[in-house]
Amino acid sequence: MKSVLKVIASLVLLLVLLGAGVGAWYVYTKQPVRSGLLPLAGLKERVSVAYDERGVPHITAKNEADLYRALGYVHAQDRLFQMEIVRRLAQGELAEVLGPKLLDTDKLFRTLGIRAHAVEYVKKLDRQRPEFLALAAYLDGINQFQATHKPPIEFDVLGIPKRPFTAEDTVAVSGYLAFSFAAAFKTEPVMTYIRDELGPEYLKAFDIDWHPEGVLAHAKPDPSHWQSLTRIAQAGQDAMALAGVPLFEGSNAWAIAGRRTVSGKPLLAGDPHVGFSVPAVWYEAQLNAPGFELYGHFQALNPMALIGHNTQFGWSLTMFQNDDVDLIAEKINPANPQQVWFQDQWVDMETRTESIAVKGRKAVKLTLRRSPHGPIITDAFKDALDSKPVAMWWAYLETPNPMLEAFYGLNRADTREKARNAASKIDAPGLNIVWANAKGDIAWWAAAKLPIRPPGVNPTFILDASKGEAEKKGFYAFNYNPQEENPLRGYVVSANSQPKPPSGVPVPGYYNLADRAKRLDQALKDPERKWDVAAAQALQLDVTNDYGPRILKSLLPVLQTVVTDANEKAFLEPLEKWDGSYTRDSIAATLFSQFSYELAKAAMEDELGPVLFSDLLETRALDSALPLLAADPNSPWWDNIDTKKTESHFETVRVAWHNTLTHLTDLYGSSLLAWSWGQTHTLTHVHPLGRQKPLDLLFNVGEFAVPGGRETPNNLSLNVGPAPWAVSYGPSTRRVVDFAAPHMAMGINPVGQSGVLFDAHYADQAQRYAEGIYVQQYLSEADVKAHTKSTLTLRPDN
């Protein structure tokens, strides 16, 4: 019997070992190859790819075509799944691999017409221009890798078929980059509802001019109208969450003139704010070819670096936040529902039909319309609304937008004139380009095509097509955009706040609070202070702003009256002493974040209802409203319309405070020591597959207790809502370049270079990022050689 058991045990052990061996071999076949000699068709000469300790490739080629073909190859072996998922998002093809839960997202992107726009856009491109040749070589490198290697693990799990990547994919992804219009979908319906249904007294809290005329021609809003528009907004939000494709949210960037720095040369700092995910948005690579060198940060399917530097110049970017989207209530011909009123006559709408593949279900047919103003976005959700069409005018679809040409030029812009010219070609989305060079120039250009709207039209609201509000008279020339070159104060700074263009041209937008910009400007404007890399890093990592103290200045006297219990006063004390810092040990940061949510909920949810209130929480309009509401004890928002009596701000603040303590006590107990910001505010980098348990344990990275908060310079931002708070977006990289020693530039990736599970560089920077640590970005030949851990040589396949 013992011998039989031994045989069985041996067989079981053998099977386990075989299974482990097969599993190990399976994982091994998915890993990037970073050493050796490999053939790559289309190369003219050999290309060297030296990998440093972070997995950053330093690519040296003898011509540009070889350089970009090699970039495509190495980018694909680290990020092929990211490339696949982002093109599916942009073209409305996620439900095919992720299932019915992404159907609304696909409907939205099909309705926007990004895919159809990309096809027409590519047809018009000059195939002989250098930026197209670079794109073609880059895509060929991606496709060669995909054709000759095992697919990533995610392809196997989701059953994703291989198919070549195309120029249309790249252009469509640029449409995703322009997805900053998501703010319009959330903000405009809410603000229109407040204007048309609640009235001017309610609108005061948002500091927006009152327009008494309603947009939608009915006495009482049809609830289905708001359901449709908010469902569109939610579809955009789901796209980011379920697909794991980061959304560009904001950013910090500044450049300091040499006379204000320790080294005597300009200093450039930047940290674009993007949603966190695995892998992170940026892929770092150094490119070297005769006459061209750049250490760049690249996005999936784009061979042009969106931020970068070399020994001569560098730049960073922030989102302009200009309003480049108008939602337009169309007037339908009562005698013909396929016609709308446009320029004093009835005109036909265009119609097209698309089919959306859905995993595990039959394909969904979608009939879509387009008016002269743009796509009818409500057609995506006709079950919610089909009688009151809303069109979307979007600058991305209505401008030439030569983004490839713009960034090809910016990658090579070694003079201020070349950089300005490149920036002028960016039409949408609006971007702030902050630029500096070793010769001593610094500059900032707000790059976008700014539409000329009719006088008096406020695009914060849904526009009325029947009154001509939606008609554009063209675009302002680039020189009217906000911009500065070598200002006398010795620095330029951009932090998504509303600019004041010297030209006087109106620039409506969905701008962030001014607190972050003011915090940066306050530090930079001291004429006696000299800046170096360490000081710039400290400013990027600053976790303080004035927003919380600004609100509490109005509310603390009320709270001090509300709180009479001796035990409760101990909970109030941290807020009374708070300076607005979101350090890990701050108790006040936790109290304020919960209290500000409870205050907004107690004041506004009764008037708006849960759906519109939820949308308001995700807009920047709420950030602007809370300080104004707190300072106005007579605002009608304080009354709870669901009760018979009229509540004062005193009573509503008391309710909000009570709910704050109840919620935090239920979560963390009654000890204030357990309410620290590091306990309640954490960062987890989430992979698309990591949203399904138990795959989160395998694919996700974190969680990390982190400092920072909404609109602090270290903008590790959270959604307004109840504790605990998961960081939703923040610095997608932190970079500082002193042009006295550009080869010593410092930066960090939030997770790692690689998107390949079990690769050494999948998450090797995540802990350092959470701790605010920087690493050198090697640029000089000597540094690259000293830090090379492996070398991959790509040779012509002939």
> If you check residue 124 against the conditions, is it touching a residue at least 24 places away in the same chain (Cβ under 8 Å) and either in the same structural domain as residue 688 (by TED's automatic domain parsing) or surrounded by fewer than 20 Cβ atoms within 10 Å (Cβ to Cβ) (or both)?
Replying inline: no
>> I'm told residue 191 meets every condition in (1) in contact (Cβ under 8 Å) with a residue 12 or more places away in the chain; (2) within 30 Å of residue 695 (Cβ to Cβ); (3) part of a helix (DSSP H, G or I) except one. Can you identify the failing condition by its number?
In response: (2)
>> Looking at the structure I just gave you, is residue 658 out of contact with any Pro (no Cβ under 6 Å at 6 or more places or on another chain) and either acidic (Asp, Glu) or under 25 Å from residue 560 (Cα atoms) (or both)?
In response: yes
> Hey, does region 437-454 have a residue that's modelled with pLDDT of 95 or more, of a type in the set (S, T, N, Q) and not assigned by TED's automatic domain parsing to the domain that holds residue 206?
Replying inline: yes
>> Quick check on region 261-278: of everything there that is touching a Leu at 6+ places or on another chain (Cβ under 8 Å) and either outside any strand (DSSP E or B) or modelled with pLDDT of 95 or more (or both), which residue is surrounded by the fewest Cβ atoms within 10 Å (Cβ to Cβ)?
In response: 261
>> One residue is enough: does region 382-392 have a residue meeting the conditions crowded, with 16+ Cβ neighbours inside 10 Å and under 25 Å from the mean Cα position of the chain (by Cα)?
In response: yes
>> Can you say whether residue 524 is farther than 20 Å from residue 326 by Cβ, modelled with pLDDT of 95 or more, assigned by TED's automatic domain parsing to the domain that holds residue 631 and hydrophobic (A, V, I, L, M, F, W, C), as far as the supplied structure shows?
In response: no
> Is there a residue in region 753-760 that is surrounded by fewer than 20 Cβ atoms within 10 Å (Cβ to Cβ) and within 22 Å of residue 297 (Cβ to Cβ)?
Replying inline: yes
> Where in region 409-501 are the strands (runs of 3 or more DSSP E), entirely inside, with at least 1 residues that are of a type in the set (A, V, I, L, M, F, W, C)?
Replying inline: 431-437, 442-447, 491-494
> On the given criteria, is residue 696 within 20 Å of residue 763 (Cβ to Cβ), surrounded by fewer than 16 Cβ atoms within 10 Å (Cβ to Cβ) and of a type outside the set (A, V, I, L, M, F, W, C)?
Replying inline: yes
>> Against the condition touching a residue at least 60 places away in the same chain (Cβ under 8 Å), outside any strand (DSSP E or B) and touching a His at 6+ places or on another chain (Cβ under 8 Å), how does residue 404 come out, does it pass?
In response: no
>> Looking at residue 281 and the list (1) within 18 Å of the chain's Cα centre (by Cα); (2) of a type in the set (Val, Ile, Thr); (3) assigned to a strand (DSSP E or B); (4) buried (at least 24 other Cβ atoms within 10 Å of the Cβ), which single condition is not satisfied?
In response: (3)
> Filter region 699-742 for residues that are charged (D, E, K, R) and farther than 30 Å from residue 258 by Cα; which is surrounded by the fewest Cβ atoms within 10 Å (Cβ to Cβ)?
Replying inline: 703
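The values are calculated or read from the model by the stated rules, or taken from the named source; none is laboratory data. Owing to the predicted nature of the structure, the values given are computational and were not obtained by experimental measurement. All Cβ positions, glycine included, derive from the backbone under ideal geometry; neighbour counts span all protein chains shown.
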